[in-house]
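Just so you know, all these numbers are worked out from the coordinates, no wet-lab data involved. Since we're looking at a predicted model, the values are computed, not measured.
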Amino acid sequence: MGAVLGAGVALLFAPCSGAETRDWLARRSREVKSGATSAIQRGKEAIRRTGSEISRDIAEASTLRG
């Protein structure tokens, strides 16, 4: 949300031409998308690791009970 607000303010006060502003917005959009994609991948991996650890703990607990 902050990035969108910042981009809006930058557009209002930017001394750049329209083409330069569009280039900047396109570049910034790619950076934000890349960062979001990386964060999602890290989150998925953390969830997979946690799920594996829980499964392992359950298996170990069931062998101790059995």
task = Give me the number: length gained by fully extending Arg30 to Met1, i.e. 0.36 nm times residue separation minus the C-alpha to C-alpha distance, one decimal in nm.
result = 8.8 nm
query = Using Cα atoms only, what is the angle between the long axis of helix 18-65 and the major principal axis of the chain, expressed in degrees (0 to 90) to the nearest 10?
reply = 10 degrees
